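Here's the structure we're looking at; comments come further down.
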Amino acid sequence: MELIKNLRWRYATKKFDPHKKVEQEQLEKIKEAIRLSASSYGLQPYKVLIVEDHETRKILKNASWGQAQVTDASHLIVFCGYSDITNEIIEDFIRITAQVRGQSPDNIRRYGDFIKGKLAEKTDEERQEWAAKQTYLALGNLLAICAELKIDACPMEGFDANEYNKILQLSERNLNAVVAAAIGYRSEDDHAQRERKVRKPSELLFEVK
Ligand SMILES: Cc1cc2nc3c(=O)[nH]c(=O)nc-3n(C[C@H](O)[C@H](O)[C@H](O)COP(=O)(O)O)c2cc1C
């Protein structure tokens with residue numbers, strides 16, 4: 001199993017080589033893996049920002065506990081959940097589904113109404129949290145595809161989301177920064193690459209009932 005081998009190879013990279021860039025072709029593969037992520041109802045209630053601009057990343061670094069990965073990596077990927085799941089978002093999804101599956105939107109309108117009804121049972125805060133949870137699946141796919149492509153990555157929650165929202169002007173776009181990933185290539189002297197992977201033994205993690 002190549003995937004298992006590659007998951008053992010990957011680690012949360014602390015020090016990136018600032019001179020190495022991820023090629024566009026590789027970036028497209030990462031984007032496709034993110035795009036193919038599963039999400040509840042298939043709604044993908046988020047946007048994914050690919051921050052390349054160095055000046056912006058310098059400002060973001062200050063809002064990220066000063067973590068050097070933000071500026072030294074090739075790209076910073078920021079997963080932003082929708083703050084509010086508007087009817088428009090659900091209707092766009094229904095429109096795309098109808099188009100892809102060659103159906104009339106009226107045929108699948110009931111599915112849209114079902115989603116609207118289910119989400120209406122949640123409070124604003126619960127809806128925002130629900131959207132945020134979906135972004136982690138996309139982050140998981142990013143980590144897996146990066147491992148397969150031998151691209152280093154550091155998943156990151158260590159940042160001030162409110163600051164990110166201001167710097168990246170997310171709030172006015174109904175978005176909220178949830179989690180990020182720095183991607184690029186490890187520096188030779190990143191000590192973290194030589195540390196052994198710590199995971200729970202299977203008998204602590206799994207239970208068969
Ligand atoms: C959601 C999430 C947020 C994380 N945030 C940070 C972070 O802000 N900075 C950092 O250096 N590592 C961060 N990590 C990396 C974890 O510490 C790391 O994945 C964990 O220790 C397991 O080690 P490994 O990924 O090297 O196998 C984060 C990981 C996840 C999954």
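The values are calculated or read from the model by the stated rules, or taken from the named source; none is laboratory data. This one's a predicted model, so the numbers in the text were calculated from it and none came from an experiment. Glycine also receives a Cβ, built like all others from the backbone with ideal geometry; neighbour counts cover every protein chain displayed. Ligands, DNA and RNA are excluded from the accessible area calculation, which covers all protein heavy atoms including side chains. Shrake-Rupley method; radii C 1.70, N 1.55, O 1.52, S 1.80 Å.
General remarks:
- Antiparallel content of DSSP bridges confined to the chain, in %, to 5: 95
- Put simply, when 147-154, 102-109, 56-63 are sorted by average Cβ atoms within 10 angstrom per residue, most first, you get 147-154, 56-63, 102-109.
- Value of Rg to Rh for the chain (Rh from inverse mean 1/r over Cα pairs, i.e. Kirkwood): 1.01
- Listed residues T71, T86 arranged by accessible area, highest first, probe 1.4 Å: T86, T71
- Test item: Cα-centred dipole of the chain, Lys/Arg +1 and Asp/Glu -1 on Cβ, debye: 640
- Heavy-atom surface analysis with a 1.4 Å probe gives segment 132-209 a carbon and sulfur content of 51 percent of its accessible area.
- Split the chain at each of the chymotrypsin sites (Phe, Trp or Tyr not before Pro) in a DSSP loop with at most 15 other beta carbon atoms within 10 Å, and the longest piece is 66-205.
- Too-long pairs where the Cα-Cα distance tops 30 Å, listed order kept, from K61/K133; K20/K200; K5/K118; K5/K166; K20/K61; K15/K122: K20/K200; K5/K118; K5/K166; K15/K122
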